[in-house]
Amino acid sequence: MKTVLKWLIGTVVVLGLGVGLFFGVGYVLDEQMADDPKEPEAEDKQSDEKEEEKKVTELSEEKFENAENAENLNPFGDDLEAKALDDTQVQDYIHEMSHQKVEADEKWGFYLITDERIKWLQQGIEASKDNLSHYDVYQSILNRWAAGDFTQADDDHNAIWDLKGGTIGYATGVLSDEEEQAYIESADEY
């Protein structure tokens, strides 16, 4: 009986030490991860993204002005045919147009929403349908916008934002008409 009691006490002690060690190590690792130097890398990435967007904006403003064959440019000022669109390009165009309509802490890039741009993208996704991974998402958004329905612009923005792997700039609502006009007046369009 004494042997069984000693064995039982030994087992409880070992299990207690194991559980304590498990949670203790977990706590220490959580503390280390909270102080992990990888967080500045995320800030560096965000800073790099902002710089890249700024460069793109500056270059885009000059697209129409400096283009030798401006008549060959698409409605976004790029030398890209609608039938040559890929997911990245469609996402960039929709995302940057959606900024006109949405509330977000950060917005990088802006294209004014126009009927011409919406129609061009609709034609482009139809022509590129077989090469687009998220055709249905694009079609749904563009069809709604073509009908003048921007009530879900924040959801549209966030759907594209998710596809692009967004980390900051999540849309939190739709701008009022006055807020939208103020944004358009203050934003640098490509």
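The values are calculated or read from the model by the stated rules, or taken from the named source; none is laboratory data. Predicted model, so just to flag it, every value in this text is computed and none were measured. All Cβ positions, glycine included, derive from the backbone under ideal geometry; neighbour counts span all protein chains shown.
State the number of residues belonging to the range 94-110 that are buried (at least 20 other Cβ atoms within 10 Å of the Cβ) and touching a Gly at 6+ places or on another chain (Cβ under 9 Å). Of the residues in the range 94-110, 5 are buried (at least 20 other Cβ atoms within 10 Å of the Cβ) and touching a Gly at 6+ places or on another chain (Cβ under 9 Å).
Matching residues to (1) within 23 Å of T172 (Cα to Cα); (2) modelled with pLDDT of 95 or more:
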{"residue": "N74", "(1), (2)": "no, no"}
{"residue": "D79", "(1), (2)": "no, no"}
{"residue": "M97", "(1), (2)": "yes, yes"}
{"residue": "L121", "(1), (2)": "no, yes"}
{"residue": "E126", "(1), (2)": "no, yes"}
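Annotation note: of A153, A146, the sole residue that is touching a strand residue (DSSP E or B) at 6+ places or on another chain (Cβ under 9 Å) and either within 23 Å of D87 (Cα to Cα) or in the same structural domain as K107 (by TED's automatic domain parsing) (or both) is A153. In the range 111-124, of all residues being touching a residue at least 40 places away in the same chain (Cβ under 8 Å) and outside any loop (DSSP other than H, G, I, E, B), the one that is surrounded by the fewest Cβ atoms within 10 Å (Cβ to Cβ) corresponds to E116.
Taking the range 148-187 as the range and being closer than 24 Å to D115 by Cβ and of a type in the set (D, E, K, R) as the test, the residues that pass are D149, D154, D155, D156, D177, E178, E179, E180, E185.
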